[in-house]
Amino acid sequence: MIKFKSLNQSKDFLKILKKKKINTKYFTLYFDKNLKSEINKFLNISFVMKKKIGNSVKRNKIKRRLKYAVQKILHEKKLIDLGYTYVFFGKNNIYKDKFSNVFYEVNETFKKIKQAGN
């Protein structure tokens, strides 16, 4: 099983935020290739929410939905490349819509990334 590893230092976030991004209805995804070329068992991914979105219950539910969608894609379809670092900025629409719509959007985003990498 592949575990998630979150970015901890602000300098790591700043490096990723200057790289490529994909903007959708539900989230904004920043991504870049890992600097280390070693094969790892971790997926470098962070889920970030602005306090402007709502209270902690709402923000954490949005993060949980995004995490579950990523986990589901990781186990079923293997679309996610472990050689990348990802930062998700969730939006308010995730809280209101069905999970199936969110899952479809995350899936399509990772397909775009995979096609662009090839």
First in region 22-36 and modelled with pLDDT under 95, second anywhere and of a type in the set (S, T, N, Q) and in a strand (DSSP E or B), Cβ under 6 Å, 6 or more apart: ASP32/THR85; ASN34/THR85
Residue in region 84-91 that is exposed (fewer than 12 other Cβ atoms within 10 Å of the Cβ), touching a strand residue (DSSP E or B) at 6+ places or on another chain (Cβ under 8 Å) and either of a type in the set (S, T, N, Q) or modelled with pLDDT of 90 or more (or both) present: no
Check on VAL48, within 12 Å of the chain's Cα centre (by Cα), among the aliphatic types (A, V, I, L, M) and more than 16 Å from LYS114 (Cβ to Cβ): yes
Test: residue in region 65-81 that is under 18 Å from THR28 (Cβ atoms), touching a Lys or Arg at 6+ places or on another chain (Cβ under 8 Å) and at pLDDT below 90: no
One residue from LYS77, LYS63, LYS21 being closer than 20 Å to TYR104 by Cβ, touching a strand residue (DSSP E or B) at 6+ places or on another chain (Cβ under 6 Å) and surrounded by fewer than 15 Cβ atoms within 10 Å (Cβ to Cβ): LYS21
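The values are calculated or read from the model by the stated rules, or taken from the named source; none is laboratory data. The structure presented is a predicted model; accordingly, all values stated were derived computationally and were not measured. Neighbour counts run over all protein chains shown; Cβ positions are idealised from the backbone, glycine included.
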